[in-house]
Amino acid sequence: MSLLAVAPALPLHSAGKYVAAAYIVFVVLILVYVAIMAIRLGRTERDLAQLKRDALARNHEAEPEPERDPETVA
């Protein structure tokens, strides 16, 4: 246990720039990933809305028109 107490801490005075750069790159990659997912989500929502409109239109076209009584039409 005394060996750990004697070991000096790593000097980070020269590596601080690299650690900061690594964090910046990591944050940028996360932001790019989130932006890509947001774009894909928006596209998927638009496609889903279009599919819903198409399905409703198809159902509306498939419904038979109510028969009219010839006496009330004239």
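Just so it is clear, none of the values below were taken in a lab; they were calculated from the coordinates. This structure is a prediction, so every number in the text was calculated from the model and none was measured. For neighbour counting, all protein chains shown are included, and Cβ atoms are generated from backbone atoms with ideal geometry for every residue, glycine included.
Tabulated data for the structure shown
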read-out	value
Summed side-chain charge close to Lys52 - residues other than Lys52 whose Cβ falls under 12 Å, Lys, Arg +1, Asp, Glu -1	0
Estimated distance in nm for a label pair at Ala21 and His60, the labels positioned 7 Å out from Cα along Cα-to-Cβ	6.0 nm
